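Here the structure is laid out as structure tokens; the discussion comes afterwards.
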Amino acid sequence: MRKYLISMALCLFFVSSLFSYENTLYVFNWTEYIDPDIVKEFEEKYDCEVIEDNFDSNESMLTKVINAGKSYDLVCPSGDHVTILREKDQLEKFDMTLLPNWKHLDENILTKLSKFDMADGYAMPYFWGVTGILYNPEFMDEADKENIGWSIYKNEKYKDKAMMLNDAREVVGAALIVSGYSVNDFSPEALEKAKDVLVKWDDNISQYDSDAYKNDVPQNEVWIAQAYNGDALQVIRDYPNLKFSLPKEGGTYWIDSFVMLKNAENKDMAYKFLNYLMEPEIAARNAEWVEYPTPNKSAFDNFVSEESKNNENIYVSQSYLDKCYPINFLGEDVIGISNLFERICLNVESSKDKKSTNMLPIWIAIFVAVFIPIIAKKKRK
């Protein structure tokens, strides 16, 4: 009888584990980047559980995906990191017959996406956006409020009250734009000019962080912060005294996409989730919650509110987009940009002592994405 009970217990454990496996979806996403009510509704509809982990930079995402002991089913990288994951042979190409709602996506966005990731069929555009400045107008000079630009970071009035993202491409990119170069220019001349700009800015910057500003600006710990437009507008939704502006010099634009990893353990549920997110009404609700523009044309045409459509901090005008640069994949040439960012963060060019971002994940990501393929290629030869 005892052996029988033990056997029954083991069988029940095995069956419950199998059931859990088949009905659990693991998603790796940016923080506050999906309406939690939509996730709950999906779980109820498909009798499953969605377990979401979050990251705050593409570099930390890449490090964890490459080195994680467990596999995620879906990950949401930005354009250039889709390419890195594809080159590392991490991605599963989509079976389009399982994604009937793909037809709702905007062809213009799909065309732009193909230039970003060079991986047709591997990435589902989720949201797109631009990078600007979140600020508290109470502490701003009138001239600065009327003409917001990246050069605000050199104003000593904001010393230790300014913050920038923990993102080499965004931070160095802003300095490149101010210096008259493209964010994708990695030439020694361009990087030297950007370094001169960043050294001056760094004297006023308290921290490089992609999440802390969401609390620090409302609490007046920081007065100005480089921010992704949707994240900034989420903060303003709770603190309407704050403002967000697109820098006069232009900035970056990007597309975030969901990709499926090759070693995903629940591809069936992953396809259901992606297809669910592309349902026009769901896509519109999600866009309204995250405050980012949707790449779903049917959603935009039929369900997105007029208030959102007319908000040029969300659906940015073409005239401003013409001044913005896509963050392109640079391969091993990105090392020059990442090296410059590290030198600034670690105060190699500045004597000021400040909170510094831990750059180890970035360097691990660069090593994994760039040098390992080179070493492997030499070994094969």
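The values are calculated or read from the model by the stated rules, or taken from the named source; none is laboratory data. Only a predicted model underlies this, so the values are computations on that prediction, with no experimental measurement involved. All Cβ positions, glycine included, derive from the backbone under ideal geometry; neighbour counts span all protein chains shown. The accessibility values were calculated without ligands, DNA or RNA, using every heavy atom of the protein model including side chains. Shrake-Rupley method; radii C 1.70, N 1.55, O 1.52, S 1.80 Å.
Things to note:
- Rough spin-label spacing in nm, given labels placed 7 Å along Cα→Cβ, for Glu189 and Glu221: 4.2
- In a fully extended conformation the segment linking Asp333 and Glu49 would gain 98.2 nm over its present Cα-Cα distance, using 0.36 nm per residue.
- Surface share of carbon and sulfur [accessible, 1.4 angstrom probe, percent] for region 49-175: 44
- Reducing region 27-86 and region 142-188 to their Cα centroids gives an inter-centroid distance of 29 Å.
- Dipole of region 140-187 [Lys/Arg +1, Asp/Glu -1 at C-beta], most positive-end residue of Asn166, Asn147, Gly180: Asn166
- Cα-Cα over 22 Å, subset of Lys157/Lys243; Lys200/Lys323; Lys64/Lys193; Lys243/Lys309; Lys40/Lys103; Lys154/Lys193: Lys200/Lys323; Lys64/Lys193; Lys40/Lys103
- Spin-label model distance (nm) - Glu281 vs Asp56, 7 Å beyond Cα toward Cβ: 3.7
- Packing-based ranking of 123-130, 158-165 yields 123-130, 158-165, ordered from highest to lowest mean Cβ neighbour count within 10 Å.
- Sulfur and carbon atoms: percent of accessible area, region 245-345 [1.4 Å]: 43
- FRET efficiency estimate (nearest 0.05) - Cβ-Cβ, Glu87 to Asp301, R0 35 angstrom: 0.50
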